[in-house]
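Scroll down for the structure; my scribbles are underneath it.
Every number in this text was worked out from the coordinates using simple rules, so none of it is lab data. Computed from a predicted model, the values in this text were never measured in an experiment. With ideal geometry, Cβ positions are generated from the backbone for all residues, glycine too; neighbour counts draw on all protein chains shown.
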Amino acid sequence: MEIADALRLRFPGDPDVMRLAGTATKSVGDIHVKLKDLDAALDAYGRANEIFKERAASLPGDAQAQRDWTTSLIASGYALDRQGLTERALELFRVAEEIRLDARDRAPNARTRRDLLNARYRIGWAHYKLDEPERALAVFEDLLVEARALRAADPDDRRADDDLEKVLAGLADFAEASGSDHRAVEALLEQRALLEEVVEANPTDLDTHKAIQRLDERIAALEADEVP
């Protein structure tokens, strides 16, 4: 981070230098997360957030500048959540959501839509961890509509498949925690259908076969609980 700080002092206000400094500083935070040194990670992320925020303010309308800032905010929120500070994490996720919503509205394409989905995915999980499964479920029901639409728009995009599968998995967890086993089963069955497509394309994918087996066991358990 010392090099990044030195560059900013030598080239004050230079957008390219600011992005380089912000990216380098965030990378330091990422390394500390992997080392499980969350205090150091949050310190680095905090500095990166300020750099990216300043850069975004100096480049109004620059989509990449806004995206860089939100990526750093979400990383900060993730570290806070890992520390058990989920309410503070949720605040940062909401800031990122607001920025990404504006970006989506300005340029509604697959990238901005996926970015917004990711921010809202974090928000949903934060509500769940705050013992608010009904709020989490409501967020993910909306996410499911968007994830399905993204996949329909580009069926060959594996990222869209992954996003949809993650949303369905979370939705099933939140539905079960909210006492809606039937809705959980619906989500799990849709997730299973996605995995079946993977197996059809690659019959030797043992990990996916095992994932389907785990889903079948969970579906059976939920259906058994529903029987009066």
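Side notes on the structure shown:
- Expressed as a fraction of 2.2 N^0.38 Å, the value expected for a compact globular protein of N residues, the C-alpha radius of gyration of the chain is 1.16.
- Each part gets one Cα centre, and for segment 159-202 versus segment 79-145 those centres are 19 Å apart.
- The packing ranking, built from the mean of other Cβ atoms within 10 Å per residue, places the peptides 52-61, 209-218, 183-192 in the order 183-192, 52-61, 209-218, highest first.
- Approximating the spin labels as points 7 Å out from Cα along Cα→Cβ, the E197-to-A110 distance works out to 1.3 nm.
- Pair-distance distribution of segment 132-228: all C-alpha pairs, bin width 5 Å, starting at 0; shares per bin in whole percent are 2, 14, 22, 22, 19, 13, 6, 2, 0.
- Shape call, segment 52-156: gyration tensor on alpha carbons, a/c limit 1.5: oblate
- Taking 16 Å as the cut-off, the amide N atoms of segment 172-199 that come nearer than this to a point 7 Å along the Cα-to-beta-carbon line of A220 belong to 189.
- Segment E50-D154, extension gain: residue separation times 0.36 nm, minus the distance between their alpha carbons: 33.9 nm
- Using R0 = 25 Å, the C-beta based FRET efficiency linking Q213 and A177 works out to 0.60.
- At R0 = 22 Å, FRET efficiency that the Cβ-Cβ distance of A63 and A40 yields, to 0.05: 0.10
- Charged side chains reduced to their Cβ positions (Lys and Arg at +1, Asp and Glu at -1) give the chain a dipole of some 1020 debye around its Cα centre.
- The number of Lys pairs in segment 1-145 with C-alpha atoms less than 21 Å apart, excluding pairs fewer than 8 positions apart on the same chain, is 4.
- Gain upon complete extension [D131, E98; 0.36 nm per residue less C-alpha separation]: 9.5 nm
- Of G124, G84, G29, the one that fluctuates the most in a GNM where the chain has Cα springs shorter than 10 Å: G84
- Rg ratio (alpha-carbon, reference 2.2 N^0.38 Å) - segment 1-107: 1.06
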